[in-house]
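Here is the structure we will look at.
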Amino acid sequence: MLSLLIINKMKRYLLHICLAAAAILSSGFAAANVFESTDLNIHGFISQGLMAVDGSDFVNDDNTMSSELTEVGINASYQLSDSFRVAGQAAYLNGGNRFNKGVRIDYLLLDWDLFSNENWSTNVYLGRFKNFHWLYSSTRDVPMTRPSIVLPQSVYFDATRDMSVGGDGIAIKSTYSSELLGDLDFNISSGKSPTSKEQTRIIMGRFSDGDLNHDTDFQGSIYFRPGHSNWRFGIATTNADFSYSAGENDAFLDGNLALTRYYANAEYQGELWTVSVELLQEKIAISNLLFNGFNRSSKGQGGYVQSQYRLSDKLQLLTRYEHYWANKDDKNGSKLEASSQGVIPHYFGYQRDFTIGLSVDISTNIKLQLEQHWIKGTARLTPVVIPDPTVNMNEYWQISTLQMTYWF
């Protein structure tokens with residue numbers, strides 16, 4: 001009860017901050033001095049939506065229309081000197097079953113401009129840094145910068161959202177820029193993310209009573225944009241280790257999870273078209289969680305192709321197809337169903353999603369997004385470790401959603 005009261009108070013506090021800032025901005029009272037001063041920048045957003053899911057527990061367990069699509073955030077940066085800057089963002093999220101409800105610090109870091117010359121620049125980030133390694137990993141925490149309300153789950157799995165946004169540790173970003181050769185970005189990071197009880201249950205299942213700890217995490221990426229080109233290409237990797245400490249009345253034992261991911265992506269940005277492709281291969285290894293000596297390892301594959309077309313200055317159309325296999329050697333899920341004696345249906349072995357969406361720029365700082373998903377399979381639904389077929393009994397299901405976002 002106490003934690004719930006604290007969360008509600010913090011939610012109201014964030015709302016008051018954003019609403020007060022919006023009032024100041026709309027009245028024009030010293031907006032430049034308050035929000036865009038020489039050294040201090042403050043921005044924020046308020047986003048609310050509705051989501052109807054027919055046939056799965058993606059947002060809730062009873063398949064009813066849900067308003068659990070709330071995002072409120074405020075971020076700030078302050079230039080301490082020519083070489084040092086501090087920045088951070090606090091956010092309140094409510095996404096139903098998708099991720100942990102409540103307030104979190106998405107990032108809070110010291111940005112050190114270590115080196116720069118005509119062609120090279122290198123920055124070091126200390127603290128809770130942002131993830132720059134995937135196409136949308138550094139912008140997924142801000143709703144108006146995402147291409148869609150729900151990102152492609154094949155790559156941007158909502159169940160691991162907080163662990164994927166960033167981590168506590170160090171990140172280094174080095175950029176080479178040449179008019180002739182183009183732009184090269186090198187990114188490496190190492191850090192750990194805090195994992196709450198609710199986040200643990202989202203991953204492990206409702207019978208989990210223990211603690212999931214993020215022990216180690218290393219990520220790296222390289223991006224290349226050729227000179228005078230609209231294309232950008234990238235590769236990335238993730239290597240993370242988790243340990244589980246079982247509770248007193250737990251369905252699981254002490255155990256370990258290891259996750260290794262490889263990514264490849266390409267993006268074209270033209271005057272009217274944006275085309276994005278991102279591919280993923282991941283290896284998940286689990287040991288001792290179900291019983292001593294238990295070991296399970298699988299290689300999953302996924303990816304998406306996405307296009308965005310600007311119909312007018314205010315309208316943008318999105319289409320996307322994505323596919324994910326939980327085990328590349330069992331793409332139809334038959335081995336999964338057989339190994340569970342039929343308890344886990346075959347459609348938990350894959351997930352396909354065709355999405356169409358429309359984005360409407362109502363004004364310079366208000367956006368409305370509408371989206372429809374047609375989905376086959378349930379491989380990207382929670383919980384992750386042990387699927388729950390009692391609430392996900394449909395191979396075919398849909399998501400219908402809309403979201404309004406205001407930012408300053």
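The values are calculated or read from the model by the stated rules, or taken from the named source; none is laboratory data. Worth saying up front: this structure is predicted, and the values here are computed from it rather than measured. Here the Cβ positions follow ideal geometry from the backbone for every residue, glycine too, while neighbour counts run over all protein chains shown.
Criterion first (touching a Pro at 6+ places or on another chain (Cβ under 6 Å) and among the aliphatic types (A, V, I, L, M)) does residue 344 satisfy it?
In short, yes.
Out of all the residues in the stretch 99-110, which are over 23 Å from residue 159 (Cβ atoms) and either crowded, with 21+ Cβ neighbours inside 10 Å or at pLDDT below 95 (or both)?
109
Could you tell me how many of the residues in the stretch 380-407 are in a loop (DSSP other than H, G, I, E, B) and touching a Gly at 6+ places or on another chain (Cβ under 6 Å)? Outline the logic, then answer.
First, pick out the residues of the stretch 380-407 that are in a loop (DSSP other than H, G, I, E, B): 380-395.
Subsequent filtering for residues that are touching a Gly at 6+ places or on another chain (Cβ under 6 Å) retains 383, 386, 394.
So the answer is 3.
Which of (1) crowded, with 16+ Cβ neighbours inside 10 Å; (2) not aromatic (Phe, Trp, Tyr); (3) not in a loop (DSSP other than H, G, I, E, B) does residue 251 not meet, given it meets every other one?
Looking at each condition in turn, residue 251 falls short on (3).
Starting from the stretch 198-210, take each residue that is farther than 12 Å from residue 244 by Cβ and list its partners that are surrounded by 16 or more Cβ atoms within 10 Å (Cβ to Cβ) and of a type in the set (Phe, Trp, Tyr), counting only C-beta distances under 7 angstrom and pairs at least six apart or across chains.
These pairs meet every condition: 202/99.
Considering only the stretch 91-98, I want to know if a residue exists there that is charged (D, E, K, R), at pLDDT below 95 and either surrounded by fewer than 15 Cβ atoms within 10 Å (Cβ to Cβ) or over 19 Å from residue 165 (Cβ atoms) (or both).
Scanning the stretch 91-98 turns up no residue that is charged (D, E, K, R), at pLDDT below 95 and either surrounded by fewer than 15 Cβ atoms within 10 Å (Cβ to Cβ) or over 19 Å from residue 165 (Cβ atoms) (or both).
Is it the case that some residue within the stretch 344-357 is assigned to a loop (DSSP other than H, G, I, E, B) and in contact with a strand residue (DSSP E or B) (Cβ under 6 Å, 6 or more places away or on another chain)?
no
Would you pick out the residues in the stretch 386-408 that are farther than 17 Å from residue 63 by Cβ and in contact with a strand residue (DSSP E or B) (Cβ under 7 Å, 6 or more places away or on another chain)?
Selection gives 402, 403, 404, 405, 406, 407, 408.
Hey, among 45, 58, which residue is closer than 24 Å to residue 148 by Cα, modelled with pLDDT of 50 or more, of a type in the set (A, V, I, L, M, F, W, C) and outside any strand (DSSP E or B)?
Details: 45 fails: outside any strand (DSSP E or B).
Sole residue among the options that is closer than 24 Å to residue 148 by Cα, modelled with pLDDT of 50 or more, of a type in the set (A, V, I, L, M, F, W, C) and outside any strand (DSSP E or B): 58.
Of everything in the stretch 187-222 that's small (Gly, Ala, Ser) and at pLDDT 90 or above, which residue is nearest to residue 163 (Cα to Cα)? Show your work before the answer.
Here is the first cut: in the stretch 187-222, the ones small (Gly, Ala, Ser) are 189-191, 193, 196, 205, 208, 210, 220-221.
Add one more test, that the residue is at pLDDT 90 or above, and what stays is 189-191, 193, 208, 210, 220-221.
Details: 189: 13, 190: 12, 191: 10, 193: 5, 208: 19, 210: 18, 220: 15, 221: 17 Å.
Of everything passing the filter in the stretch 187-222, 193 is nearest to residue 163 (Cα to Cα).
So, in the stretch 361-371, of the ones that are among the polar types (S, T, N, Q) and surrounded by 15 or more Cβ atoms within 10 Å (Cβ to Cβ), which residue ends up farthest from residue 326 (Cα to Cα)?
Checked the stretch 361-371; the qualifying residue farthest from residue 326 (Cα to Cα) is 365.
Test of understanding: among 299, 335, 314, which residue is touching an Asp or Glu at 6+ places or on another chain (Cβ under 6 Å) and either surrounded by fewer than 14 Cβ atoms within 10 Å (Cβ to Cβ) or without any contact (Cβ under 8 Å) to a residue 40 or more places away in the chain (or both)?
Answer to the selection: 314.
In the stretch 195-233, how many are hydroxyl-bearing (Ser, Thr, Tyr), outside any loop (DSSP other than H, G, I, E, B) and under 18 Å from the mean Cα position of the chain (by Cα)? Reasoning before the result, please.
From the stretch 195-233, those hydroxyl-bearing (Ser, Thr, Tyr) are 195-196, 200, 208, 216, 221, 223, 229; that's our starting set.
Going one step further and asking which of them are outside any loop (DSSP other than H, G, I, E, B), we end up with 200, 216, 221, 223.
From what's left, under 18 Å from the mean Cα position of the chain (by Cα): 200, 221.
Residues meeting the conditions: 2.
Take the residues in the stretch 141-150 that are buried (at least 21 other Cβ atoms within 10 Å of the Cβ) and either in contact with a helix residue (DSSP H, G or I) (Cβ under 8 Å, 6 or more places away or on another chain) or β-branched (Val, Ile, Thr) (or both); name whichever of them is modelled with the lowest pLDDT.
Across the stretch 141-150, the extreme among qualifying residues is 141.
Just one of the numbered conditions (1) out of contact with any strand residue (DSSP E or B) (no Cβ under 7 Å at 6 or more places or on another chain); (2) under 30 Å from residue 408 (Cβ atoms); (3) among the aliphatic types (A, V, I, L, M) is not true of residue 180; which one?
(2)
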